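Asks: Okay, here's the structure, questions in a sec.
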Amino acid sequence: MKVFKFGGASVKNAAAIQNVAAIVKQVESNRLLIVVSAMGKTTNALERLVHLAYNNQNFDAALHEIISYHLAIIDELHITDPDFLALIHTQFEELKQAATQKGEYDFIYDQVVAQGEILSSLILNKHLLQLGIRSTWIDARSFIQTDATWREGKVDWETSRARMQGLKKILQSQLIVTQGFIGSTINGQTTTLGREGSDYSAALFAACLSAESVTIWKDVPGVMSADPKRLPHAVVFDELPYQEAAEMTYYGASVIHPKTIKPLANSGIPLLVKNFDNPTLPGTRIHASKVEKLPPLIVFKENQCLISCKVTDYSFVNEEQLGQIFTVLSNNNVRMNVMQNSAISFSFCTDFREPKIFQVIEALSKSFEVYYNTGLTLITVKNYDTATFAEYRNRTGVLLEQSSRATLQVLVRH
Ligand code: ASP
């Protein structure tokens, strides 16, 4: 069997959903499991709703916007089955209830935001059924078990694998539509796997069901050497070794979620990145291979924060102090994107995620003099050549720079 993953842009309106159905029809096989994201920018809209609800502000307009967006798509797809419409209205009701329940923010976030994927998968499945495609909707929360780390659920692979085995029988006669991004705890409470986590869900289903391949359908022709909106001369990679693709995601290439490659590489399952507007294009194949001489890959990671911890007593930065800094970061689940030390200070760059970063700064301030800059961009040039090295190293506004034999990183002000 194969796994297809369609992201938000590929199901953002009725025409996009019809395009998904056209791609699915070309496969000529039932042995397909489709993982779908929330439609368009629904996850962002749901995040705004949680924020309002949690702060006891009126969220009627935000809810109404989400409801009417989905109903308009259902209408355009000519879905009139009263049972289906009743089911969708029940989901809207569940969404409202989830937003008004009491509890910690991150828990409520998961209960609310997961509804985006439930709605999109129900609508896609119904559309496929209307076209006469034999399709079954399944709730990913019954198959992907995680711990109770809200917004970043850690997957229990063994339990999830065991639960999924029954799906093989269904796949013999029909295809399956399910959700990306969501799972549930052992107690049945909904969790999410981290923003953009649907790719990871696709890898999870693929690894647990020993799929032949995973295809991620995107609005770009494949994995590119840079974001073509930023650098128009970017080229498409025909193929990439797993290791290279994994490192790209680490540096912030947003084409694939960072957790996706590992489970596929461990099971030897190829990952294809293809263009949903032009499915005949070959796209990029990520697999166990050796590719000589890759062109430089340039990744821009925005919204970075540079934090510098300076020792206050004229001593030098020592291992014990480094230990303290790392402990604060690990306790707050904050990842460093680059780090550098000098005689009296240790600096690192991280994603600027409020309020977490301010908690980190506060904790570090107990032992250090802490300085920080926000609104920065981290540029990584992997496999640089002479021209790219010179170009990015000599940028104006460089606050921090680091290079190894293969990779150059510069942190710049806008
Ligand atoms: N809908 C979720 C998000 O926007 C998950 C995903 O699309 O991968 O982050």
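Asks: Which angle from 0 to 90°, rounded to the nearest 10, does the C-alpha axis of helix 115-130 make with the longest principal axis of the chain?
Replies: Once rounded, the angle reads 40 degrees.
Asks: How many lysine pairs are close in the stretch 37-174, with Cα atoms under 30 Å apart and the two 8 or more places apart or on different chains?
Replies: For the stretch 37-174, qualifying lysine pairs total 11.
Asks: Once amide H atoms are built 1.01 Å from N in the peptide plane, which residues 5 or more positions from Thr149, or in another chain, come under 5 Å H to H?
Replies: Those lying under 5 Å, H to H, from Thr149 are Lys154.
Asks: Moving on. Let me spell out the model: positive unit charges on the Cβ of Lys and Arg, negative unit charges on the Cβ of Asp and Glu, origin at the Cα centre of the chain. What dipole size does that give, in debye rounded to 20? Mind showing how you got there, number by number?
Replies: On the way: 39 positive and 41 negative charges, 157 e Å.
In total the dipole reaches around 760 debye.
Asks: Taking the highest mean first, how do the peptides 298-308, 223-233, 17-27 order by number of other beta carbon atoms within 10 angstrom per residue? Let's see the in-between values first.
Replies: Details: 298-308: 19.8, 223-233: 14.7, 17-27: 16.3.
Going from most to least packed, we get 298-308, 17-27, 223-233.
Asks: Something else: Check Thr215: other-chain or 5+ apart residues with amide H under 5 Å from its amide H, H built from backbone geometry?
Replies: Residues meeting the amide H criterion: Val3, Phe4, Lys5, Leu272.
Asks: Still on this structure, I have one more. Give, in nm to one decimal, the length gained when the segment between Asn58 and Ser289 is fully stretched (0.36 nm per residue of separation minus the Cα-Cα distance).
Replies: Values: separation 231, 0.36 × 231 = 83.16 nm, distance 5.38 nm.
Contour length minus Cα-Cα distance gives 77.8 nm.
Asks: Per the Kirkwood definition applied to all pairs of different Cα atoms, how many angstroms is the hydrodynamic radius of the stretch 281-414?
Replies: Here the Kirkwood hydrodynamic radius works out to 16.5 Å.
Asks: Further question: Rank-order 385-393, 43-51 by packing density, defined as the average count of other C-beta atoms within 10 Å over each peptide's residues, highest first.
Replies: Details: 385-393: 13.4, 43-51: 18.7.
My ranking of the peptides, most packed first, is 43-51, 385-393.
Asks: Considering lysine pairs in the stretch 265-414 that are 8 or more places apart or on different chains, how many have Cα atoms under 25 Å apart?
Replies: So the count of such lysine pairs works out to 12.
Asks: Also: Peptides 246-253, 97-104: what's the order by average Cβ count within 10 Å, highest mean first?
Replies: Ranking, from highest mean packing down: 246-253, 97-104.
Asks: A follow-up question, please. Of all DSSP beta bridges in the stretch 192-327, what percent run antiparallel (nearest 5)?
Replies: Once the DSSP bridges in the stretch 192-327 are tallied, antiparallel ones form about 35 percent.
Asks: I've got another one for you. Could you check what % of the DSSP bridge pairs in the chain are antiparallel, to the nearest 5?
Replies: 60
Asks: Compute the acute angle (0 to 90°) between the alpha-carbon long axis of helix 198-208 and the principal axis of greatest extent of the alpha-carbon atoms of the chain; round to the nearest 10°.
Replies: 70
Asks: Tell me the net charge near Gly7. Cut-off is 9 Å between Cβ atoms, Gly7 excluded, with +1 for each Lys or Arg and -1 for each Asp or Glu. Let's see the in-between values first.
Replies: Numbers: positive: Lys5, Lys218; negative: Glu196, Asp199, Asp219.
Counting the neighbours of Gly7, the net charge comes to -1.
Asks: Rounded if a/c is under 1.5, else prolate if a/b beats b/c, else oblate: with a ≥ b ≥ c from the C-alpha gyration tensor eigenvalues square-rooted, which is the stretch 126-187?
Replies: Oblate, because a/c is 1.5 or more while a/b does not exceed b/c.
Any read-out appearing in this document is the output of simple, stated calculations on the displayed coordinates, not a laboratory observation. Quick caveat: nothing in here was measured; it's all calculated off a predicted structure. Backbone-built Cβ (ideal geometry, glycine too); neighbour counts: all protein chains shown.
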